[in-house]
1. Let's see if you can work this out: charge +1 on each Lys and Arg Cβ, -1 on each Asp and Glu Cβ, no other charges. What is the dipole magnitude of segment 2-209 about its Cα centre, in debye to the nearest 20?
2. How much length is gained on full extension from Glu119 to Tyr96, taking 0.36 nm per residue of separation minus their Cα-Cα distance?
3. Suppose every Lys and Arg Cβ carries +1 and every Asp and Glu Cβ carries -1, with no other charges. What dipole size does segment 219-276 come out with about its Cα centre, to the nearest 20 debye?
4. To the nearest 500 deg cm²/dmol, what mean residue ellipticity at 222 nm is calculated for the chain from DSSP H runs of n ≥ 4 alone, each contributing -39,500 (n - 2.57), summed and divided by the residues?
5. What dipole magnitude, in Debye to the nearest 20, does segment 124-193 give about its Cα centre under +1 on Lys/Arg Cβ and -1 on Asp/Glu Cβ?
6. Please compute the length gained on full extension between Arg234 and Leu186, using 0.36 nm multiplied by the number of residues separating them and subtracting their Cα-Cα distance.
7. In terms of the Cα gyration tensor, with a ≥ b ≥ c the square roots of its eigenvalues, is segment 219-276 rounded because a/c is under 1.5, prolate because a/b exceeds b/c, or oblate?
8. Figure the gain on full extension for Glu161 and Ala106 (residue separation times 0.36 nm, minus the Cα-Cα span) and round it to one decimal in nm.
Amino acid sequence: MIQLSGLTKRYGEKVAVDDLSFTVRPGLVTGFLGPNGAGKSTTLRMILGLDLPTSGTATILGRPHRELPHPLRTIGSLLDAQAVHPGRTAYKHLLYLAQTNGIPAARVDEVLGLVGLAEAAGEQAGGFSLGMGQRLGLAAALLGDPPVLLLDEPVNGLDPEGVLWIRTLMRGLAAEGRTVLLSSHLMSEMALTADRLVVVGKGRLIAEGEIGDFTGAGASVVVRTPEAASFAGRLELSGACVQVHGDELLVTGMGAPDVGRLAAAESVTLFELTTRHASLEEAFMELTRDAVEYGAAR
């Protein structure tokens, strides 16, 4: 488990993280989302003890990172896959990490095979593609077989097969009871991978909850009927909000069962009655529209 309580980080007058509190529970993949400048990277660095908080705490299994006796065997992390000496081979890079954390050398071959780099074990990391570098970073995160994983943009540079592989891997690790915190800008991938979401903006917590809470909140009902104009008026009298587009109505504030019952009572012919859930991207944009620090001109 990862637990943040009142976590705050100031750089002079700049508040990068502002009284942030949330818990990442075991057995789930928790997505960590926010626009650029939201404080995600600073938060991840404080969890890993790379930056000291101005106030508040970040603990892993009840301890700050600096107090973990064997950090790599407690939490595996991937913040920057390029943070590898370019002259070292993949095998030597992982071997040195294993030796300094009391991990058997045999584990190096295991994780190289797990991430698909067994045949590249003797190649220098400086010659790796972006995707191969990501796989090496993941191998380092998994090296200590840790109960907690913290990964920042782990699918960056991976091909479709690699993206599917890591999605399956993350969900499998969570199913084993591990704690997985995953940060990414790819909303479509997060929607397929995460069980829970934590959304931050301008250093503060905006929302957290099950992923269905985010996509379900923006649900609307699509209705197609030859009596669109008159039925729209009846729906509005019943308290719904309705947008009319030809023979199609977009209804909010009333669920599909109630729309169907009203149509039956009014003898309205329906060609379509479906519920449309907001995508995670739509929900994210709505949640963070007032928390975008570095947005494009409109």
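1. On the way: 19 positive and 19 negative charges, 111 e Å.
Dipole size: approximately 540 debye.
2. Working: separation 23, 0.36 × 23 = 8.28 nm, distance 1.90 nm.
Length difference between fully extended and current span is 6.4 nm.
3. The dipole of segment 219-276 has a size of about 120 debye.
4. Working: 10 runs with 98 residues, N = 298.
Mean residue ellipticity at 222 nm (helix-derived): -9500 deg cm²/dmol.
5. Details: 4 positive and 7 negative charges, 18 e Å.
Charge dipole of segment 124-193: 80 debye, to the nearest 20.
6. Details: separation 48, 0.36 × 48 = 17.28 nm, distance 4.04 nm.
Taking Arg234 through Leu186 to full extension adds about 13.2 nm, to one decimal.
7. Working: a/c = 1.17, a/b = 1.08, b/c = 1.08.
Rounded.
8. Working: separation 55, 0.36 × 55 = 19.80 nm, distance 2.67 nm.
Using 0.36 nm per residue and subtracting the Cα-Cα distance, I get 17.1 nm.
Values in this text are rule-based calculations from the coordinates and carry no lab data. Model, not experiment: these values are computed from the prediction. So basically every Cβ, Gly included, is an ideal-geometry build from the backbone, and we count neighbours across all protein chains shown.
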